[in-house]
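The values are calculated or read from the model by the stated rules, or taken from the named source; none is laboratory data. All figures in this text were calculated on a predicted structure; none of them were measured in a lab. FYI the Cβ positions are ideal-geometry reconstructions off the backbone, even for glycines, and counts take in every protein chain you see. In case anyone asks, the SASA skips ligands and DNA or RNA and just uses the protein heavy atoms, side chains included. Shrake-Rupley method; radii C 1.70, N 1.55, O 1.52, S 1.80 Å.
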Amino acid sequence: MNLAVIGFILMFVLMFVLIKDKLSPPVAFILLPLIAAVAGGFGIEAISGFVKTGLNTMLSTAVLFIFSISYFTLMSNEGLFDPIIHFLIKRVGNNVTTVLFAVVITTFVAHLDGSGATTFLIVVPAFLPICKRLKVRPEALLGTMCGMYGVMNIVPWGGPTMRAASVIGIEVSDLYQFIMPSVAALAVIAFGIAFVIARIEIHNGAGADKDDTAADEKGAGEGTAKRKKLYWFNLGLTVLMLALLFVDIGLPLHLIFMIAFCIALTVNYPNTAEQTKQLKSYAASAMIMTMTLFSVGIFMGVIKDSGMVEAMAAAIVGILPAGVAPHMHWFMALFAVPLIMILGTDAFYYALMPIILGVVEQFGISPEVVAATFLLTATLGTPISPSVAAVYVGLGLADSTIGKHIKYSLRILWPASILLLVVSTLIGVIRF
């Protein structure tokens, strides 16, 4: 069977079972690609190579997740975030819209380093408790982050922009300067996404009543007073750790979290028996998502190394009518969000974009326009893509699943991407 056909069937079945909760993510990400590889005619030795490559790419992310989720769980149990919750409740009360706008602003700051994992690690633990108190669903918090995540994901030092610039052979700074008017428009859209999600959540019953707010204020104060001396130590350790995430000191993110967690566990629980008890309590939440991450590694290894991704990219271009050839980049951008979710970031820029470039250049469409079109419209698909490892860090911290995340956010982010395409065309960044 044709590799492209197998790849499309795999993707559609995968999306279906995840969104409809027909299979758990680890089962889906392991069994489905292996079945697809066998259907593609690959032998045991080849499939083993795919799996080995895929697992290696996920190792550091899995370690990062285990220790980051354990660290923030420990800090949450010790009341580190209670003053933040108390402050937000006192300032905004039950104003869901204001809280979600604060999420957008915090995501902007947290994503300055271009790392999606860092962004989720900073934003989700800070805002999840207040969202729970306001009855805002975890998926709404993650969806709100996606708009500004998309803005910061295409900064000059971000991975997608560097990929796109390398494909068309220009400086990253030149490409970013070219798309800046649309980036500004996307920032406005990010707040629009937050507003829409706030309306959805309020309609769903979000917003604490006065009794809830008073109880939260009292609970926050009690949580902080409980272990005041250790609170200041925990705060200092967390601030130092977060600072190191932004400053390149030569240590990988996962090692920074490993060291910080060991220090925090030892200081807060000096007794080894108590330490063991805490480690066991963290295991349940960490294990499921760690299994999912390694499962995603198998999935990515199979679809990339088998050639399915390249075959799908070529097939997508091949089925388009000849009449749309001069505008192929624009029409492809209408489907940029699902395409990047299906193909993954590398394949989207390194496999699909060069094909589109070759088609539209003969009609006078510049490489900068094609790169801008792909960058701007696909960036909102990255934070909901099942092939992006950083997304699973956010899902673990928010105690959600990739299926729930896609089901909630895709209906908002895909139309927002199309809106940005239209706006960018009207202001002249993208040419039809």
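Annotations for the structure displayed:
- If the chain linking Phe363 and Ala184 were pulled fully straight, counting 0.36 nm for each residue of separation and taking away their Cα-Cα distance, it would gain 61.6 nm.
- Note on Met258: accessible area approximately 60 square angstrom, rounded to 10, probe 1.4 Å, nucleic acids and ligands left out.
- For Ile430, the amide hydrogen comes within under 5 Å of the amide hydrogens of Thr425, counting only partners 5 or more places away or on other chains and with H modelled in the peptide plane.
- Hull volume in cubic angstrom per residue (convex hull over the Cα atoms of the range 120-210): 100
- Contact order relative to length of the range 277-429, as percent, for alpha carbon pairs under 8 angstrom and 6 or more apart: 27
- Most mobile of Ala322, Ala398, Ala371 in a GNM of the chain (Cα contacts under 10 Å): Ala322
- The chain, relative contact order [Cα under 8 Å, separation at least 6], %: 30
- Label positions at Thr272 and Ser60, each projected 7 Å from the Cα along the C-beta direction, are separated by 3.3 nm.
- Top of Thr290, Thr382, Thr98 by mean-square fluctuation, Gaussian network on the chain, Cα under 10 Å: Thr98
- Net length gained if the chain between Asp399 and Leu240 were fully extended (0.36 nm per residue, minus Cα distance): 54.7 nm
- Charge dipole of the range 265-363 about the Cα centre (unit charges at C-beta), most positive-ward option of Ile355, Ile342, Met312: Ile342
- Rounded tilt (10° steps) of 172-203 against the dominant C-alpha axis of the chain: 60
- Computed [θ] at 222 nm, deg cm²/dmol, the chain (DSSP H ≥ 4; -39,500 (n - 2.57); rounded to nearest 500): -26000 deg cm²/dmol
- The angle between the Cα long axis of helix 389-398 and the longest principal axis of the Cα atoms of the chain comes to about 30 degrees, rounded to the nearest 10.
- Alpha carbon centroid spacing (whole Å) that separates the range 1-32 from the range 306-354: 19
- Share of Cα-Cα pairs in the range 319-424 lying beyond 24 Å, as whole percent: 27
- Peptides 126-133, 357-364 ranked from most to least packed give 126-133, 357-364, packing being the mean of other C-beta atoms within 10 angstrom over each peptide's residues.
- Cut-off 15 Å, label 7 Å out along Cα→Cβ of Ser24, residues of the range 399-423 by amide N: 400-403
- Relative to the longest principal axis of the Cα atoms of the chain, the long axis of helix 308-318 lies at roughly 50 degrees.
- For the range 19-160, the alpha carbon convex hull comes to 152 Å³ per residue, rounded to a whole number.
- Between Ala322 and Asp346, the FRET efficiency from the beta-carbon distance, with R0 = 25 Å, is close to 0.30.
- At an R0 of 30 angstrom, the distance between the Cβ atoms of Phe331 and Lys52 translates into a FRET efficiency of 0.20.
- Cα gyration tensor shape of the range 1-72, rounded if a/c is under 1.5, else prolate or oblate by comparing a/b with b/c: oblate
- Overall dimensions of the chain as given by Cα atoms, namely Rg and Dmax in Å: 22.4, 72
- Rough spin-label spacing in nm, given labels placed 7 Å along Cα→Cβ, for Ile9 and Leu279: 4.6
- For the chain, the Cβ-based charge dipole about the Cα centre amounts to some 960 debye (Lys, Arg positive; Asp, Glu negative; other atoms uncharged).
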